[in-house]
Structure formats: structure tokens, C-alpha cells
Amino acid sequence: MSGPDPVSEPIAEDIVRECTALRRRIHREAELSGQESNTAALIQAELKAAGLEVKTFPGSTAVAGIWPGRDRSRAIAFRADMDALPLEEASGLPWASQSGLAMHACGHDGHTGILLGLAKQLARSGKSYPMDIKLLFQPAEEAGNGAKQMVADGALESPRVEAVFGLHGWPDLPLGAIGVHGGAVMASVDNFELTLVGKGGHGAQPHATLDPVFAAAQLISAAQSLVSRSTDPLDSAVLTFGQVQAGRTFNVIPEECLLRGTVRAHSPAVRDRLKSGLESLAVNLCRGLGLEARLHWVEGCPATINDPTMAALARRAAVKAFGEGNCVEPRPSMAGEDFPFFLEKVPGAYLWLGLGNARGSLHNPRFDFNDAALEMGIRLFLAILEEKFSSD
């Protein structure tokens, strides 16, 4: 795949330079979920300097910038997340994180830089659109609750948002590629804790015990049938046990065994079946072995499922901006994202922006957002604006 065709006008070089510097500053001063106060203050200052209206939310680091349109009661929104991951950076770059155990290993610094670039470009053009343009800078995406809280705080109201778009830098796509999915983009994310309660005793006398470790072994194996035998092979699902914790020494059968894991799916129906199936399997298998199973389910983000009309609009915009050959529909990811909390309220689309893989994979201590993609992200959002209002 070649780089982007010069179908649309490039963003001014000084704006790209400013966004690159801001992106690197945010990377250097990374802040964890819910702690993005300095990042939020920087965003507010940049939005005000560009002449946008700024809205904040009590008790939150979230920020909204508004470029006023002709109808002040309606808006189209673009979202960027701004939190970092609890990782110690190992990139060795001049702008590497100085925040200790906080690193922008998922590219949220790039997403924020792109949205600030959109603000600067709107101000530079001075163009008036049919409705307000609302820029949503969201905290706590990695915690899975930032978007939900912004919705609860009224971020989609005053003015009322009619369509919402977001993007994620994607190292698996070549630089210059735009990934547009017509339906599911990313998976729902639910976590669980399963406590198996038996009867402990001497390791040499297993017949006098109810062994939760043995039960856990059977359950871990049997639970995979929920994916391989209870889920349609054409549907996507993952059930992973990430932690098994039991006992303190070699010759004692413990009273309890704790299992922790995660469940992922691309459809609400599969998500629901996996939860009920795991609970039923755990309870009945343990009952058959004389043990008790206690399931604690931690519901996370729904699946990110694009509105077909908004996805089609975004694809038309991307084709006009970058050329047909640079627009792809890759396979969805089983990773999660909290953007669907916006999509539950407003039709929209979540897009992937190709970064190339030279900077490493996401959630890797050596990852860095590819600055060459910043200008492309700004152009993509501008192209969506133009396509949205040309089709209205």
C-alpha cells in the first residue's frame, strides 16, 4: 500500500509542528486515568488561544471545546482520549515519559494532538458550519469509565450532539491507511473473579478433602467449550483465565482457589451467553464435586459497533481525502474501548489510523505514536466534517 494520495489539501506546516510539539509534551508529562489535570489545563489553554469556547465538568478532568456554528442547538462531535497507562517507559526517546509509572503506550497523546490540530485548523479557516463542532477530550479511557462519565455529565448535550466520531492510531496498519469498519470494531470487555470453596486438608489425604485446585483445573479446561462448542464459529469470542491463586505450600490442599479472567465478544448476544454459561458451568461443575462456586462479574465496556450510515459517511470522506487505495476494512480487534458509551446515545463511527509498526505495538513500553500520522488524523476529521455537511 502506498502513502496517502494528495486528494485533499494538507494541513499547514506550522499547525503540524505545533501539534507535534504538544503531542510530545503530553507524552513526556503522561498522566494516569482520572489524574489528567495538567493535560486538561494544557488543552484548555490551547483551545482558548485558538478562540474556541471551553467547557469543563465539575469533579472531572474532561474538557470540551466548541467551534460555534450557525445553529447553536445542534453539534457534531469528535473525541480524543488523554490518559496514559501504568507502565515504565523504555523507548529512550528525548520526549520519553518523566512521570515514572505512567506512559502513553496506547497513543492517546497522538489522539489529543490530532484533536488540538483540528481546533487550530478550524480557527485558521474561520469557516462557519451549519452546526457547532464539539471537541471532546476524554479522561480515563484505560479505566473503562471515562466516556460513560462524560455522557452522565452532559457532554453530549448543550448543544445536542447528533453524530460522534473517534479514531485510534493503529500500528498494524501501514502509515497512511485508514481503517473503517461497517459494524463491530472492538470487543466488549468483562472481567470476572471465581472463588471455588472446598475443604482443605493434608496433601497426602486428598480423599478427606474437597480439592478446589482439582476443581479449578477441570473448570479452566471445560470453560473453553463456551467458545469452541457453545458459540457460533462465525462469531468472535474470547475467554481467558489470567490468574490462578491457591494455597501456600506443597503439602496442604487449600480451602479456596481464586480464578480471575476476562471475557470478550463482538455482539451483545454472545456477551450475555458467555456470562450465563460461565456461571452455570462453574456452579454445576463445583456442585458435582461437592464444592461451592462464587462468581463476581465486573461488567466493563460494550462492544464498539459502528453505525452503518456514519461508517459509510466516514469511508466516503476518507476516500476523498486519501484515495480509495488507502481505505481498508481490517478485521476487528478483541481489545476493548469505552467509545461505545457515546455510540449508545448518538450514531457515530470509530476509525483506525495507520501508524506503521516501526514504533512498536500498543501497550508496549517502547511504543511511541508516529508523528507523521498527526497531519493525516486532522485531515481525516476535516474530511468527515465536509462530507457530513455536503450530504445533509
Would you pick out the residues in the range 63-79 that are over 20 Å from residue 313 (Cβ atoms) and either buried (at least 24 other Cβ atoms within 10 Å of the Cβ) or without any contact (Cβ under 8 Å) to a residue 12 or more places away in the chain (or both)? 63, 64, 65
Exactly one of (1) free of Cβ contacts under 8 Å to residues at least 40 places away in the same chain; (2) in contact with a strand residue (DSSP E or B) (Cβ under 7 Å, 6 or more places away or on another chain); (3) over 23 Å from residue 145 (Cα atoms) is unmet by residue 216. Its number? (1)
Going by what's in this entry, would residue 152 be described as more than 17 Å from residue 76 (Cα to Cα) and not β-branched (Val, Ile, Thr)? yes
Single unsatisfied condition, residue 385 versus (1) touching a strand residue (DSSP E or B) at 6+ places or on another chain (Cβ under 8 Å); (2) free of Cβ contacts under 8 Å to residues at least 12 places away in the same chain: (2)
Quick check on residue 118: is it out of contact with any helix residue (DSSP H, G or I) (no Cβ under 6 Å at 6 or more places or on another chain), closer than 21 Å to residue 322 by Cβ and assigned by TED's automatic domain parsing to the domain that holds residue 35? no
The condition from (1) assigned to a loop (DSSP other than H, G, I, E, B); (2) of a type outside the set (Lys, Arg); (3) modelled with pLDDT of 95 or more that residue 136 misses is numbered (1)
Within the range 229-253, work out how many residues are of a type in the set (A, V, I, L, M) and more than 17 Å from residue 273 (Cβ to Cβ). 4
Pick out the one residue from 195, 249 that is outside any helix (DSSP H, G or I), among the β-branched types (Val, Ile, Thr) and either in contact with a Leu (Cβ under 6 Å, 6 or more places away or on another chain) or surrounded by 16 or more Cβ atoms within 10 Å (Cβ to Cβ) (or both). 195
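Could you look through the range 108-158, keep only residues that are among the polar types (S, T, N, Q) and either under 14 Å from residue 339 (Cβ atoms) or under 22 Å from the mean Cα position of the chain (by Cα) (or both), and pick out the one that is surrounded by the fewest Cβ atoms within 10 Å (Cβ to Cβ)?
145
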Residue list for the range 330-358, restricted to those being more than 21 Å from residue 135 (Cα to Cα) and either touching a strand residue (DSSP E or B) at 6+ places or on another chain (Cβ under 7 Å) or crowded, with 23+ Cβ neighbours inside 10 Å (or both): 330, 332, 333, 334, 335, 336, 354, 355
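Among the candidates 165, 192, single out the residue that is aromatic (Phe, Trp, Tyr), out of contact with any Ser or Thr (no Cβ under 6 Å at 6 or more places or on another chain) and more than 29 Å from residue 387 (Cβ to Cβ).
Numbers: 165 fails: more than 29 Å from residue 387 (Cβ to Cβ).
Unique residue meeting the criteria: 192.
Can you spot a residue in the range 294-315 that is at pLDDT 95 or above and under 19 Å from residue 10 (Cα atoms)?
Yes; the residues of the range 294-315 include at least one that is at pLDDT 95 or above and under 19 Å from residue 10 (Cα atoms).
Looking at 22, 93 in this structure, which one is of a type outside the set (Phe, Trp, Tyr), surrounded by 17 or more Cβ atoms within 10 Å (Cβ to Cβ) and either over 24 Å from residue 149 (Cβ atoms) or at pLDDT 95 or above (or both)? Steps first, please.
Numbers: 93 fails: surrounded by 17 or more Cβ atoms within 10 Å (Cβ to Cβ).
22 is the lone residue from the list that is of a type outside the set (Phe, Trp, Tyr), surrounded by 17 or more Cβ atoms within 10 Å (Cβ to Cβ) and either over 24 Å from residue 149 (Cβ atoms) or at pLDDT 95 or above (or both).
Of all residues in the range 265-297 being over 22 Å from the mean Cα position of the chain (by Cα) and part of a strand (DSSP E or B), which is farthest from residue 212 (Cα to Cα)? If you could, list the steps in order and put the result at the bottom.
Applying the first criterion (over 22 Å from the mean Cα position of the chain (by Cα)) to the range 265-297 yields 273, 276-296.
Next cut, part of a strand (DSSP E or B) only: 292-296.
Numbers: 292: 9, 293: 10, 294: 12, 295: 14, 296: 17 Å.
Only one residue fits best here, namely 296.
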Hey, among the residues in the range 186-208 that are in contact (Cβ under 8 Å) with a residue 40 or more places away in the chain and under 13 Å from residue 251 (Cα atoms), which one's nearest to the chain's Cα centre (by Cα)? 200
Looking at (1) in a loop (DSSP other than H, G, I, E, B); (2) in contact with a helix residue (DSSP H, G or I) (Cβ under 9 Å, 6 or more places away or on another chain), which one does residue 379 not meet, given that it meets all the others? (1)
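Is it the case that some residue within the range 159-170 is touching a Cys at 6+ places or on another chain (Cβ under 7 Å), under 25 Å from residue 263 (Cβ atoms) and surrounded by 17 or more Cβ atoms within 10 Å (Cβ to Cβ)? So that I can check it myself, show each step before the final result.
Within the range 159-170, the subset touching a Cys at 6+ places or on another chain (Cβ under 7 Å) is none.
Checked against the condition, which is being touching a Cys at 6+ places or on another chain (Cβ under 7 Å), under 25 Å from residue 263 (Cβ atoms) and surrounded by 17 or more Cβ atoms within 10 Å (Cβ to Cβ), the range 159-170 yields no hits at all.
For the range 207-226, does any single residue satisfy the condition of being under 27 Å from residue 63 (Cβ atoms) and surrounded by 21 or more Cβ atoms within 10 Å (Cβ to Cβ)?
Quick first cut of the range 207-226, residues under 27 Å from residue 63 (Cβ atoms) only: none.
Checked against the condition, which is being under 27 Å from residue 63 (Cβ atoms) and surrounded by 21 or more Cβ atoms within 10 Å (Cβ to Cβ), the range 207-226 yields no hits at all.
The values are calculated or read from the model by the stated rules, or taken from the named source; none is laboratory data. Here the structure is a predicted model, which is why all the values come from computation and not from measurement. Methodologically, a virtual Cβ is constructed for each residue, glycine included, from the backbone with ideal geometry; neighbour enumeration extends over all protein chains shown.
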